[in-house]
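Report on one structure; see the data block that follows.
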Amino acid sequence: SAAAARGPVPRFPSGFLWGVSTSAHQIEGAADEREPSVWDAFAAGPGRIKDGSTADVACDHYHRHREDVALLARLGVDAYRFSISWPRVNSPGGLGFYDRLVDELCAAGVRPVPTLYHWDLPLSVQEAGGWLHRDTAGRFAEYVAVVAERLGDRVSKWITLNEPAEHTLLGHALGTHAPGGRLLFDALPAAHHQLLAHGLAVRALHAAGAGDIGIANSHGPTWPASQEAADVAAADFYDVLLNRLFAEPVLLGRYPEGIGELLPGDVEADLKVIAEPVDWYGINYYAPTRVGAPHGEEIEFGGVTMPAELPFSVREIEGRPVTDSGWPVVPEALTELLTGFRDRYGDRLPPVVITENGCAYEGVDDQERIAYLDGHLRALHRALEAGVDVRGYFVWSLLDNFEWAEGYARRFGLVHIDHGTLERTPKASYGWLREVLRAQR
Ligand code: GBH
């Protein structure tokens, strides 16, 4: 078989944390058993979700969590990254659901790794100003304190936010995700307030006696379209906006040059909060991005419409296979990303965990997904050999799920979901990963 021809996945250090990831809004369903979130409101608008779907039922994980925990246990992962829905915690019995989930995970020998925010802001908080409003950061910290108080006796590893970069760009600058803001550069306060929320959450977790805290930031190498000055400058700018703007406040306690001036409030004082030390740094990696000077016209890219007034344009990476999302498959860019982080941030970079990596493909005999994951594990191992301190790897995702604006049309799961019957069927990649994990023991 193709897997045999590739040879075994190299051996990772003992204690390396193997896991899979999901998020609440993408899998839970049971929307009528919680407060509404920005995603419920966004999906209700016409033309927002490609297949016209909503996450009202999703994978119905809320009612089928026992079956899903059994799938995790059989897969043999050490850890499960899921997210806690703030709108559910706001609703009667909501925290009780996560309480039971954590108990079931512990009983199954799977370590719970909750993310405290994965894009599903309570609609009530949006109506009070959302991430454009500074108070949202304080409200988030209050919610975090409640969760830590209830789960802190059994949860020993925490993630504050998922991908504030994507939530800013897609949710507030371009409007292709909830809450649908099309503010372009006026969306930057949403980034700052999320980062402030991260810092306040770290403090709230510490106050509750919790430790081992990280953030899950999306990162990828930015490749200039050519060596011409205009392309290099555009790529640098994109790198500042999508990578450095979110890494540097957390790791270095400062914004990249030119950014701080664009932000509201006492930025220097806020940076002290944002730089509250994390114990590890989570990276979600999917693909590199090739960027050049602006075209001066609107372009469609990776399902996103980029307005003409942006000072860069995203270009195709040629000569590579692409996944069903249209993203190129470039495993060695993961090695480049990690060694680049180590070189840039040195001893300010804590141990790294890959908190998401995966791909969209159809079918249950998903040989392309196996090839993608196999290639990325080898690239990750090369980063370890090059001296980068990587402590864990989480596949996105356990289940096919609600892929935001793409609806159910993109399948990232190791387990297939029939969205009619909600039947779970492990794919070939699930069996492959189980064997990889077994061989690592
Ligand atoms: C994550 O976002 C989310 O955390 C998760 O909820 C989601 O389901 C999952 O990934 C899959 O989408 O256009 O070639 O330059 C990922 C966001 C995906 C943003 C890849 C950057 C670069 C591809 N990232 N993308 S390209």
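The values are calculated or read from the model by the stated rules, or taken from the named source; none is laboratory data. Computed from a predicted structure; not experimentally measured. No Cβ is skipped: glycine too gets one built from the backbone with ideal geometry, and neighbour counts run over all protein chains shown. The accessibility values were calculated without ligands, DNA or RNA, using every heavy atom of the protein model including side chains. Shrake-Rupley method; radii C 1.70, N 1.55, O 1.52, S 1.80 Å.
Table: residues versus (1) modelled with pLDDT under 95; (2) out of contact with any strand residue (DSSP E or B) (no Cβ under 9 Å at 6 or more places or on another chain); (3) in a strand (DSSP E or B); (4) surrounded by fewer than 17 Cβ atoms within 10 Å (Cβ to Cβ).
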{"position": "V202", "(1), (2), (3), (4)": "no, no, no, no"}
{"position": "S226", "(1), (2), (3), (4)": "no, no, no, yes"}
{"position": "D231", "(1), (2), (3), (4)": "no, no, no, no"}
{"position": "L242", "(1), (2), (3), (4)": "no, no, no, no"}
{"position": "E257", "(1), (2), (3), (4)": "no, yes, no, yes"}
{"position": "D270", "(1), (2), (3), (4)": "no, yes, no, no"}
{"position": "G282", "(1), (2), (3), (4)": "no, no, yes, no"}
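So is V102 open to solvent by less than 10 Å² (accessible area, probe 1.4 Å), of a type in the set (V, I, T) and more than 17 Å from the chain's Cα centre (by Cα) or not? Let's see the steps before the verdict.
Numbers: open to solvent by less than 10 Å² (accessible area, probe 1.4 Å): yes; of a type in the set (V, I, T): yes; more than 17 Å from the chain's Cα centre (by Cα): yes.
Against the criterion (open to solvent by less than 10 Å² (accessible area, probe 1.4 Å), of a type in the set (V, I, T) and more than 17 Å from the chain's Cα centre (by Cα)), V102 qualifies.
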Exercise for review: For residues that are part of a helix (DSSP H, G or I) and under 21 Å from the mean Cα position of the chain (by Cα), scanning just region 26-44, find the one that is nearest to E127 (Cα to Cα).
Suggested key: V38
Point to revise | Complete set of residues in region 176-187 that are open to solvent by 10 Å² or more (accessible area, probe 1.4 Å) and closer than 17 Å to M306 by Cβ | key: T176, H177, G180, G181, R182, L183, L184, F185, D186
Exercise for review: Evaluate region 84-98: report whether one residue or more is closer than 26 Å to P426 by Cα, touching a residue at least 12 places away in the same chain (Cβ under 8 Å), touching a Phe, Trp or Tyr at 6+ places or on another chain (Cβ under 7 Å) and buried (at least 20 other Cβ atoms within 10 Å of the Cβ).
Suggested key: yes
Check your understanding: Could you count how many residues in region 429-439 are buried (at least 18 other Cβ atoms within 10 Å of the Cβ) and either over 19 Å from H376 (Cβ atoms) or over 24 Å from the mean Cα position of the chain (by Cα) (or both)?
Key -> 0
Check your understanding: V364 is checked against (1) surrounded by fewer than 23 Cβ atoms within 10 Å (Cβ to Cβ); (2) among the β-branched types (V, I, T); (3) under 20 Å from the mean Cα position of the chain (by Cα) and fails just one. What number does that condition carry?
Key -> (3)
**Study point:** Where a residue in region 154-170 is within 10 Å of the ligand (Cβ to nearest atom) and its partner, wherever it lies, is in a loop (DSSP other than H, G, I, E, B), with Cβ under 6 Å and at least six apart
**Key:** N162/H118; H167/W119; L170/T176; L170/H177
Check your understanding: What is the one condition in (1) modelled with pLDDT under 95; (2) more than 13 Å from the ligand (Cβ to nearest atom); (3) charged (D, E, K, R) that E300 does not satisfy?
Key -> (2)
Point to revise | Residue check for L251: more than 17 Å from P189 (Cβ to Cβ), away from the ligand (no atom under 16 Å from the Cβ) and within 26 Å of the chain's Cα centre (by Cα) | key: yes
Check your understanding: What are the pairs, 6+ residues apart or on separate chains, where a residue within region 51-80 that is within 15 Å of Y430 (Cα to Cα) has its Cβ under 7 Å from a residue that is part of a helix (DSSP H, G or I) and open to solvent by 10 Å² or more (accessible area, probe 1.4 Å)?
Key -> V69/E104; L75/R434; G76/R434; G76/R438
Practice item. Identify, by number, the condition in (1) open to solvent by less than 70 Å² (accessible area, probe 1.4 Å); (2) within 15 Å of the ligand (Cβ to nearest atom) that K50 doesn't meet. Key: (1)
Exercise for review: Taking A247 as the residue in question, decide whether it is open to solvent by less than 30 Å² (accessible area, probe 1.4 Å) and in a helix (DSSP H, G or I).
Suggested key: yes
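So which residues in region 284-308 are in contact with a His (Cβ under 8 Å, 6 or more places away or on another chain) and loosely packed, with under 13 Cβ neighbours inside 10 Å, if there are any at all?
A308
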Exercise for review: Can you run down the residue pairs with Cβ atoms below 7 Å, 6 or more apart or on separate chains, where the first is in region 361-377 and more than 13 Å from V436 (Cβ to Cβ) and the partner is open to solvent by less than 10 Å² (accessible area, probe 1.4 Å) and in a helix (DSSP H, G or I)?
Suggested key: Y361/R369; D366/S429
Revision key, fill the gap. Scanning region 53-74 residue by residue, the ones that are buried (at least 17 other Cβ atoms within 10 Å of the Cβ) and closer than 24 Å to K157 by Cβ total 8
Practice item. Being away from the ligand (no atom under 16 Å from the Cβ) and surrounded by fewer than 22 Cβ atoms within 10 Å (Cβ to Cβ) narrows it down to one of V77, V146, so name that one. Key: V146
Revision key, fill the gap. Of those in region 149-169 that are open to solvent by 20 Å² or more (accessible area, probe 1.4 Å) and not charged (D, E, K, R), the residue nearest to D239 (Cα to Cα) is L169
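Can you name the strands (runs of 3 or more DSSP E) wholly within region 326-427 that have at least 2 residues being under 21 Å from T289 (Cβ atoms) and within 16 Å of the ligand (Cβ to nearest atom)?
Details: elements: 352-356, 390-396, 415-417, 424-426.
Strands (runs of 3 or more DSSP E) meeting the threshold: 352-356.
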Check your understanding: Does I274 satisfy the condition of being more than 16 Å from the ligand (Cβ to nearest atom) and open to solvent by less than 10 Å² (accessible area, probe 1.4 Å)?
Key -> yes
